[in-house]
1. Taking Ser97 as the residue in question, decide whether it is without any contact (Cβ under 8 Å) to a residue 40 or more places away in the chain, small (Gly, Ala, Ser) and either at positive phi or assigned to a helix (DSSP H, G or I) (or both).
2. Working only within segment 90-102, note down all residues that are surrounded by 17 or more Cβ atoms within 10 Å (Cβ to Cβ) and either closer than 17 Å to Ser22 by Cβ or modelled with pLDDT under 95 (or both).
3. Working only within segment 18-49, note down all residues that are over 17 Å from Glu102 (Cα atoms) and of a type in the set (Phe, Trp, Tyr).
4. Of everything in segment 20-53, what is loosely packed, with under 14 Cβ neighbours inside 10 Å, among the hydroxyl-bearing types (Ser, Thr, Tyr) and either assigned to a strand (DSSP E or B) or in contact (Cβ under 8 Å) with a residue 12 or more places away in the chain (or both)? Give them in sequence order.
5. Taking the stated definitions as given, is Ser64 part of a strand (DSSP E or B), hydroxyl-bearing (Ser, Thr, Tyr) and closer than 18 Å to Glu5 by Cα?
6. Taking segment 66-78 as the region of interest, how many residues are at pLDDT below 95 and either surrounded by 12 or more Cβ atoms within 10 Å (Cβ to Cβ) or within 22 Å of Ala24 (Cα to Cα) (or both)?
Amino acid sequence: MTDQEFTTLADAALSDLFRRLSAAAENHDFDADFNAGTLAVEFEDPPTKFVVSPNSPVKQIWVSAHLKSFKLDWDAARNAFVIGGQTLAEMMADAVSKQLGETITL
């Protein structure tokens, strides 16, 4: 994968995730912000922030959530960034659900 291909795929994945999170935030207690290629998900109680960003040198999307770092690779067969069999949206739905103590779907 070229750098340009990664940038295009990562931008599309983060834009899609931001759209999904923004829709879910209308019904749940968190905010999503997408600025300068980095997506932040913020919670007020308890104060917590998840960060989702592309890492171009290694062609991965990195997620910082629950004091852990998750590194997602591109899976062409699934047309998505994945980790442990979950897509980025599925992984983030689980992370946000865990933080909120209620199930959300992205």
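The values are calculated or read from the model by the stated rules, or taken from the named source; none is laboratory data. Keep in mind that this is a model prediction, so the values were computed, not measured. Reconstructed Cβ throughout: ideal geometry from the backbone, glycine too, with neighbour counts over all protein chains shown.
1. The answer is yes for Ser97.
2. Matches in segment 90-102: Met92, Ala93, Ala95, Val96, Gln99.
3. Residues satisfying the conditions are Phe18, Phe34.
4. Listed by number, the list holds a single entry, Thr38.
5. no
6. 1
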